[in-house]
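A short write-up of the structure that comes next.
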Amino acid sequence: MRKTFWMSGLLLLVLGFPGFAPAQDGKPAKPAAKLVDTIPTDKGDLVITFLGHGTLMFQWNGKVVHVDPWTSQADYAALPKADLILVTHEHRDHLDLGAIKALRKPGTAIGSSLKASSGLDGAVVLKNGDSKDLAGIRVDAVPAYNIEHMRSPGTPFHPKGEGNGYVLHFGKVRVYVAGDTENIPEMAALKGVDVAFLPANLPYTMTVDMLVDAARAIQPKILYPYHTGDTDMAKADALLKAVPGVETRIRSMK
């Protein structure tokens, strides 16, 4: 039976990074802890931390993976250092050199699109269609681009061939982080996706109808809409319930 979860799998990581601070001087407490979900895999649990916007943290098999870290979403100095950092494209809310510096340690691997690799010392450039083993995790770079939404006539917000989505292989569990994209035809070729993160943030990514179309094309077992901005997620949730075989989980990812 499909369910939409707001709080299942919630962990409040009070010690790992800032938690719910007590009220002081009459000021309200500020919730800074993040939602965490756990997905079982054949090689241990995959722990997903929803940091906000388009940035995520995965912990699995002793590895820490950060995707598109952005300092507006978290205190990265207080988070676990990265074994792997993935950057989908060069826009400032996805490529933050300060966040990457805070997360790097000796041996940290970085995978990025070509345009995002400038200034990322030692980054492995991944083009659409490339597959690499980074920090012991297979990473497939897949297309991410706009067809309809344009910065100006003929100039899409995300041109084809420049940005990446990523399929990460955590053992036998495949996790698709789409990056900034619309419901592009290449999504139909993504077979066997267990968990998908699909963006719905106008005007840069998908409308709710595009999101539903992408869910139908990919057929992930679990779908997390992310990078959602001001999208009406109640409407999105209602429409996604009509997609058979896909469990939608709504998290706060503005």
Within the stretch 51-64, residues under 15 Å from ARG92 (Cα atoms) and not in a loop (DSSP other than H, G, I, E, B) come out as GLY52, THR55
For VAL193, indicate whether it is part of a strand (DSSP E or B) and hydrophobic (A, V, I, L, M, F, W, C).
no
For this session: Return a yes/no flag: does the stretch 138-147 have any residue that is buried (at least 22 other Cβ atoms within 10 Å of the Cβ), closer than 15 Å to PHE58 by Cβ, touching a residue at least 40 places away in the same chain (Cβ under 8 Å) and among the hydrophobic types (A, V, I, L, M, F, W, C).
Result: yes
Expected single match for modelled with pLDDT of 90 or more and over 19 Å from THR41 (Cα atoms) among LYS235, LYS254 is LYS235
Note on the stretch 179-190: residues in a helix (DSSP H, G or I) and buried (at least 20 other Cβ atoms within 10 Å of the Cβ) are MET187
When every residue in the stretch 148-172 that is of a type in the set (A, V, I, L, M, F, W, C) and over 21 Å from ILE110 (Cα atoms) is compared, the one surrounded by the fewest Cβ atoms within 10 Å (Cβ to Cβ) is MET150
Checked TYR224, TYR176, TYR204 against criteria (part of a loop (DSSP other than H, G, I, E, B) and either of a type outside the set (Val, Ile, Thr) or under 22 Å from HIS66 (Cα atoms) (or both)); the one match is TYR204
Requested in this report: Check whether at least one residue in the stretch 118-128 is buried (at least 17 other Cβ atoms within 10 Å of the Cβ), among the charged types (D, E, K, R) and out of contact with any helix residue (DSSP H, G or I) (no Cβ under 9 Å at 6 or more places or on another chain), and report yes or no.
Outcome: no
If you go through ALA33, ALA23, the only one that is at pLDDT below 90, among the small types (Gly, Ala, Ser) and loosely packed, with under 12 Cβ neighbours inside 10 Å is ALA23
Quiz item: Can ALA215 be described as part of a helix (DSSP H, G or I) and closer than 24 Å to THR41 by Cα?
Solution: yes
Residues in the stretch 233-247 that are of a type outside the set (A, V, I, L, M, F, W, C), in contact with a strand residue (DSSP E or B) (Cβ under 8 Å, 6 or more places away or on another chain) and assigned to a helix (DSSP H, G or I) total 1
ALA200 meets each of (1) under 23 Å from ASN164 (Cα atoms); (2) without any contact (Cβ under 8 Å) to a residue 12 or more places away in the chain; (3) of a type in the set (Gly, Ala, Ser) with one exception, condition (2)
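The values are calculated or read from the model by the stated rules, or taken from the named source; none is laboratory data. On a predicted model such as this, the values are computed, not experimentally measured, just so you know. Neighbour counts are summed over all protein chains in view; Cβ atoms, including those assigned to glycine, are modelled from backbone coordinates with ideal geometry.
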